[in-house]
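Take a look at the structure set out below.
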Amino acid sequence: MVQTSDDRFSNVLFYGAVLCLAYFVIRVFLPFLTPLGWAAVFGVIFHSLNQRLERKWGSTRSAVLITLGVTVILIVPVLLLAAMFVREGISAARDIQATVVNGQYGWFGRAWAWIASSFAAEGVTVDLPSLLRQGAGRAGEYMATELGAVLRDIVLTLFELFVMLFALFYFLRDGDRILHRFRCLLPFNEAMTERMLAEARELIFASVTTSLVIGLVQGVLCGGAFAIVGLRTAIFWGVVMGFLSLLPVVGAWPIWIPAAIWLVSTGHVGRAVLLAIICGGLGGVIDSVLRPALVGGRASLNGLLVFISVLGGIAVFGVLGVILGPIVVATGVGILDVYSGN
């Protein structure tokens, strides 16, 4: 059948309207991609449990129970750690204040005295307590000016958490229908579609399991290092560093580096070096070796591809890239294998 100019114009108009609609839909969902992505990850993780509970209590009750369980798992440990962190922070601030008031700076004070005497020979006088008080005052002013931004970030995080839990309920309740529509949209044959979905599921499980294993190992390792060098509340700081190790961009360094600096300032240079070797050296090696080994063993990717996909995924998607990066690369490799006949 020959198309007329009116038919061609109608087709162009139709596809243009579809593209415009797709663009606006993407713009609407763009601010919520991160919480929706995490909701999808948790939906995959608890899919098997949801199916078992669904046969017993129905889809809605099952989705409600799992969503409540995930809420408790996410919120309760964070609140407990936050309370303990604030308490330890207040205790550390009091110790620093007492040190400044008493003028007991240890090794750092002796080094500063030597530097001050060198400047005094040139006619320049430097008062360490005054400098510390000025630095504390400026730090307080900076924290006061950034308080609004911190509160805004906290509110945004809580909102994203609410969106994630809200979406998780619907992903669990309507997961089978969503997955059926997703299968229909993929432009591959049934075997290829099932292979891609199975590999994505395996990579999600592997990424989450690997992050938990690395967090546990890092927490035990760094907490043990704190105990070896004689720092207080080593178990608490080990738990904190274990949680921070779940974030590959962050890691445990925001805790152990200030601790090492504190040890150096109090004259325990050897302990500071030992802490840096255990937490920084061994911790970095564990993350770089375990993650490619554990993730690569569950997918058709070698260690190099896993390493690059994780780092590249973090650069593109943020923390969610730990999971999405390997999935995107594995999907691309799978498509290449199909079209190359492998």
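The values are calculated or read from the model by the stated rules, or taken from the named source; none is laboratory data. The structure presented is a predicted model; accordingly, all values stated were derived computationally and were not measured. Neighbour counts are summed over all protein chains in view; Cβ atoms, including those assigned to glycine, are modelled from backbone coordinates with ideal geometry. The area values use the complete protein model at the heavy-atom level, side chains included, leaving out ligands, DNA and RNA. Shrake-Rupley method; radii C 1.70, N 1.55, O 1.52, S 1.80 Å.
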| request: Just name the residue that is farthest from the chain's Cα centre (by Cα) out of those in the range 179-201 that are open to solvent by 80 Å² or more (accessible area, probe 1.4 Å) and in contact (Cβ under 8 Å) with a residue 40 or more places away in the chain. | output: R195
| task | Could you grab me the full set of residues in the range 286-314 that are open to solvent by 60 Å² or more (accessible area, probe 1.4 Å), among the β-branched types (V, I, T) and modelled with pLDDT of 75 or more? | result | I308
| task | Give I73, I66, I26, I45 a once-over and let me know the one that is at pLDDT below 85 and either surrounded by 10 or more Cβ atoms within 10 Å (Cβ to Cβ) or of a type in the set (S, T, Y) (or both). | result | I73
| said: Which condition from (1) more than 30 Å from P292 (Cβ to Cβ); (2) modelled with pLDDT under 80 is the one that R195 breaks? | reply: (1)
